[in-house]
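Here is the structure we will look at, set down as structure tokens.
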Amino acid sequence: MLKKTSIALSVCLLAAVAAISLSSKEAVAGRGDGGVIYVMSQGLYYDTFGAADPLPPHGPFQQLFPDTANGPATMYGPGDQGYVGGRWWVDVDGDGEMSAGDHYFLCPLLGPGREAP
């Protein structure tokens with residue numbers, strides 16, 4: 001449980017650091033209130049916020065990679081066939097599969113996506 005909490009806090013911290021790097025103009029426009037997630041298939045960043053943490057490990061989830069060069073990242077985003085509405089799993093136990101040892105949570109992506117965090 002401690003490892004899951006650490007992963008969730010790391011994701012939130014990375015997203016918060018990315019949000020802080022926004023320009024003041026973007027912050028005034030409503031950006032920076034939550035985190036930011038990079039969508040690899042689109043090359044775009046999306047704002048997000050924690051809606052439910054943790055979630056039970058049932059139903060469809062999409063993998064979130066908490067530590068990439070672009071910050072927290074995922075393969076698919078809004079408009080992509082593989083996007084499941086911000087239902088994420090982080091591979092905490094490192095087995096490459098969704099399992100009871102992983103972390104599951106809800107953070108929807110808010111459009112429009114943009115090219116910079």
Practice item. Output the qualifying pairs, or none if there are none: Cβ atoms under 9 angstrom, residues six or more apart or on different chains, first residue in region 84-99 and farther than 23 Å from A51 by Cα, second residue at pLDDT 95 or above and acidic (D, E). Key: D93/D102; D95/D102; E97/D91
Check your understanding: Can you tell me which residue in region 101-117 is surrounded by the fewest Cβ atoms within 10 Å (Cβ to Cβ), limited to those that are among the charged types (D, E, K, R) and assigned to a loop (DSSP other than H, G, I, E, B)?
Key -> E115
Review point. Do the conditions hold for M98, that is, is it surrounded by 13 or more Cβ atoms within 10 Å (Cβ to Cβ) and either farther than 23 Å from G111 by Cβ or acidic (D, E) (or both)?
Key: yes
Review point. Of all residues in region 20-67, how many are part of a loop (DSSP other than H, G, I, E, B), polar (S, T, N, Q) and either exposed (fewer than 13 other Cβ atoms within 10 Å of the Cβ) or at pLDDT below 55 (or both)?
Key: 2
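The values are calculated or read from the model by the stated rules, or taken from the named source; none is laboratory data. These numbers come from a predicted model, not from an experiment. When we count neighbours, we look across all protein chains shown, and the Cβ atoms used for this are built from the backbone with ideal geometry, even at glycine.
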